[in-house]
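Student: My structure is below; once you've seen it, I'll send some questions.
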Amino acid sequence: MVDKNKTKKELMNELEELRLQFKDFERSIEDGTDIPDKTFRLIVESVPNGIVMTDNMGQIIFLNSQAEKMFGYARRALLGKSVEELVPEGFRHGHIKYRSSYVKEPRTRPMGEGRDLFALRSDGSQFPVEIGLNFANSDSGVVVISTIIDITERRNTEKLLNEREQRLREIMDNTTDAIIVFDDKGVVETLNREAQRLFCVNSIEKIDEIWATVTPENKENFSEKLNKVSEGKRITDYETERIGKDGKRISVSISLVYMNEGQGRFIETIRDISETLVMRNKIIELEKAQIIGKMAEGFAHHMGTPLASMLLRVQMLKDDIPDLAEYKNVGEKLNSIERQILYGQKVIQRLLRFVGRPENEKSPEIVSNLLEESMEMIRPLINKKGIVLVGDMEDNLIIFADTNLLNLVFSDTMMNAIDAMPEGGVLSIISCKDDETQFVNVKIKDTGVGISEETIPFVFEPFFTTKPAGKGTGLGLSVAKRIVHDHGGDITIESKEGRGTIVSISLPILNEEKIN
Ligand code: ADP
Ligand code: MG
């Protein structure tokens, strides 16, 4: 420190002395000779750490001014005192033990490795420290040199950081989205509570790598996404499927960002969208139903008019040809055309009724009669394709039904069965009562090509078809499902590829009181 009262000359002298000392010091390093006392003192005073030297009995023989400041003592007050003066009460006993064993086997090392060390100030307050131990041999034995750093500041910063991390953790745990943080290799660093819930069956399980949650077919795609994100792009609302520890697949929407500070890190936010998807599908189904309605109306209009005019002409022809009975062949053919047209009109009416009026007309009907009717309708095809039609139906089971609609269900499922048996086979129509549920179970069973496991989940979807364009509409089963549900029943399908298919339709039986 510059003293303003000193004359310029005195200051110059001091500077000169310092310069000489420094020269001495330099030389001593070059020669390998001992460092002169003054130089030594200069060094000791200029280091930012506290330095305390003790003899082999633990008596303080030297301390630098940093140590004076740190502990709050004047140098004189400590010289000759035991070093335990600077150790908080609770640690003193242990310190004496450590100290004695150190002088027996001194080496350069940090003190109290792995333990938190505290030192004691003159005012009785404690502060955290880090201490390095060194030693020198002197005439009177080992001299221990302790270098002390006050780490209060560092501890405070650590505490602050810990608190901040804690707060961040709380925020993360309280968001409704799952968050996973992972490094460039995919090693998971953090996952929040929701991520734990979404991917792990219980709270003990862990995800080590993000890849464990990626489905095999999405691995390549995800890796491309990571590349893009690490180049600075943001990915939001990436819809995909993830897989939990239990192997269950989850529909999710993912956002990804990359933090480039230090070691690169990906932060992935994952939203479970299974429910959203169900809703979305419902909306799509509704939209599809609307489209079907529009199409049906258009179709009915375009087909209805020519059918009506054809019918008129056939009837005119029949009237025009006198003695029709004499032209037996012609008469039969005209009758057949007339029947076909009437059938076409009936189909159109049915369709219109189905799409236009959900509240249909129901009446008590005998199930086996409805089935017989549908079987009659498909019989011409059966004979042509070499299919054997077997019926095994319980009599007199009555349900509350819209005959036209249920006929549509039965005939469409029978048509599907016929389509599935191009090389012939057996089509069995079975119906019986389930006494327990009071439902009638109808089974339409074929020995056809069957349905693959991957296809089965889709067969009830509107417009889903595996048939060539022009042959299938993909509406049969979806419409059937709607009609059956509307009758308080259910329709399911089971199938073995190459073996055949069973469509089961259950409908509530009407008890007699209701009829009368
Ligand atoms: P479409 O008959 O117009 O294709 P459907 O809704 O009636 O539409 O049937 C959907 C799909 O379900 C069919 O394309 C077919 O792949 C499958 N399917 C339905 N019934 C059977 C069956 N009995 N045997 C094999 N596949 C069937
Ligand atoms: Mg069909």
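The values are calculated or read from the model by the stated rules, or taken from the named source; none is laboratory data. Predicted, not measured: the structure shown is a model, and the values here were computed from it. Here Cβ is always computed from backbone atoms with ideal geometry, including for glycine, and neighbour counts include all displayed protein chains. Surface areas here come from the heavy atoms of the whole protein model, side chains and all, with no ligands, DNA or RNA. Shrake-Rupley method; radii C 1.70, N 1.55, O 1.52, S 1.80 Å.
Student: Which order, highest average first, do 441-447, 498-504, 261-267, 456-462 follow once you tally other Cβ atoms within 10 Å for each residue and take the mean per peptide? Display every interim value, and only then the final one.
Tutor: Values: 441-447: 21.3, 498-504: 17.6, 261-267: 12.6, 456-462: 15.9.
So the order, starting with the most tightly packed, is 441-447, 498-504, 456-462, 261-267.
Student: Continuing with this model, one more query. Using a 1.4 Å probe over the heavy atoms of the protein chains, calculate the carbon and sulfur portion of the accessible area of the chain as a whole percent. The partial results should precede the final answer.
Tutor: Values: 17150 of 32380 Å².
Summing carbon and sulfur atoms, their accessible area is 53 percent of the total for the chain.
Student: Counting Lys and Arg as +1 and Asp and Glu as -1, what is the net charge of the other residues whose Cβ lies under 11 Å from the Cβ of E285?
Tutor: Working: positive: R280, K282, K288, K481, R482; negative: E287, E461.
Result for the neighbourhood of E285: +3.
Student: Provide the gained length on full extension for the span A289 to A74, in nm with one decimal, where the gain is 0.36 nm per separating residue minus the Cα-Cα distance.
Tutor: Working: separation 215, 0.36 × 215 = 77.40 nm, distance 9.32 nm.
Gain on extension, A289 to A74, equals 68.1 nm.
Student: Taking 25 Å as R0, compute the FRET efficiency from the Cβ-Cβ separation of I171 and V201 and round it to 0.05. Intermediate values should be presented prior to the final figure.
Tutor: On the way: r = 25 Å, r/R0 = 1.01.
Rounded to the nearest 0.05, the efficiency is 0.50.
Student: Once the other residues with Cβ under 12 Å from the Cβ of R379 are scored (Lys, Arg +1; Asp, Glu -1), what is the net sum? Don't skip to the answer; put the middle values down first.
Tutor: Working: positive: K384, K385; negative: E372, E373, E376.
Residues near R379 contribute -1 overall.
Student: Given N residues in the chain, what is Rg(Cα) / (2.2 N^0.38 Å)? Working shown, then result.
Tutor: On the way: Rg = 46.8 Å, N = 516, 2.2 N^0.38 = 23.6 Å.
Ratio of Cα Rg to 2.2 N^0.38 Å: 1.98.
Student: How much accessible area per residue does the chain have, in Å², with a 1.4 Å probe?
Tutor: On the way: 32380 Å² over 516 residues.
Per-residue value: 63 Å².
Student: Same structure, new question: Remind me, what semi-axes does region 176-330 give for its equivalent ellipsoid, largest first in whole Å, using sqrt of 5 times each Cα gyration tensor eigenvalue? Don't jump to the answer; show the numbers that get you there.
Tutor: On the way: eigenvalues 836, 54, 39 Å².
Sorted largest first and rounded, they come to 65, 16, 14 Å.
Student: Using Cα centres only, tell me the gap between region 242-304 and region 379-398 in whole Å.
Tutor: First find each Cα centre; the distance between them is then 42 Å.
Student: Still on this structure: Using Stokes-Einstein with the Kirkwood hydrodynamic radius over Cα pairs, what translational diffusion coefficient do you get for region 301-436 at 20 °C and a viscosity of 1.002 mPa s, in µm²/s rounded to a whole number?
Tutor: Working: Rh = 17.5 Å.
After rounding, the answer is 122 µm²/s.
Student: Oh, and also: What are the ³J(HN,Hα) couplings of region 403-420, residue after residue, when phi is run through the Karplus curve with 6.51, -1.76, 1.60 and θ = phi - 60°? Round to Hz, x for glycine and proline.
Tutor: 4, 4, 5, 5, 4, 4, 4, 5, 5, 5, 5, 5, 5, 4, 4, 5, 4, 7
Student: Let me ask another. Taking Rh as the Kirkwood radius computed over C-alpha pairs, what is the Stokes-Einstein D of region 390-516 at 37 °C in a medium of viscosity 0.692 mPa s, expressed in µm² per second? All intermediate terms of the calculation are to be shown ahead of the outcome.
Tutor: Working: Rh = 15.3 Å.
Stokes-Einstein gives a translational diffusion coefficient of 215 µm²/s.
Student: Around T305, what is the net charge, scoring Lys/Arg as +1 and Asp/Glu as -1 over all other residues with Cβ under 15 Å from its Cβ? Intermediate values should be presented prior to the final figure.
Tutor: Numbers: positive: R313; negative: E297.
Residues near T305 contribute 0 overall.
Student: Okay, moving on. Could you tell me which of rounded, prolate or oblate describes region 165-215, using a ≥ b ≥ c as the square roots of the eigenvalues of the alpha-carbon gyration tensor, with rounded for a/c under 1.5 and, failing that, prolate when a/b is larger than b/c and oblate otherwise? Write out the running numbers ahead of the final one.
Tutor: Details: a/c = 1.95, a/b = 1.31, b/c = 1.49.
Cα axes put region 165-215 in the oblate bin.
Student: Continuing with the same structure: Before anything else, pin down the relative contact order of the chain: Cα pairs under 8 Å, at least 6 apart, normalised by residue count, whole percent. Don't skip to the answer; put the middle values down first.
Tutor: Details: 741 pairs, mean separation 33.7, N = 516.
Value for the chain: 7 percent.
Student: What lysines could a cross-link reach from K282, if we take a straight Cα to Cα line under 26 Å and drop same-chain neighbours fewer than 8 places away?
Tutor: Filter leaves K248, K294, K467, K481.
Student: Tell me, what is the FRET efficiency for S140 and V47 to the nearest 0.05, using R0 = 30 angstrom and their Cβ-Cβ distance as r?
Tutor: For R0 = 30 Å, the calculated efficiency reads 0.75.
Student: Follow-up question, since we're still on this one. Rounded to the nearest 10 Å², what accessible area does D319 show when all protein chains are kept and the probe is 1.4 Å?
Tutor: Near enough 120 Å² of accessible area.
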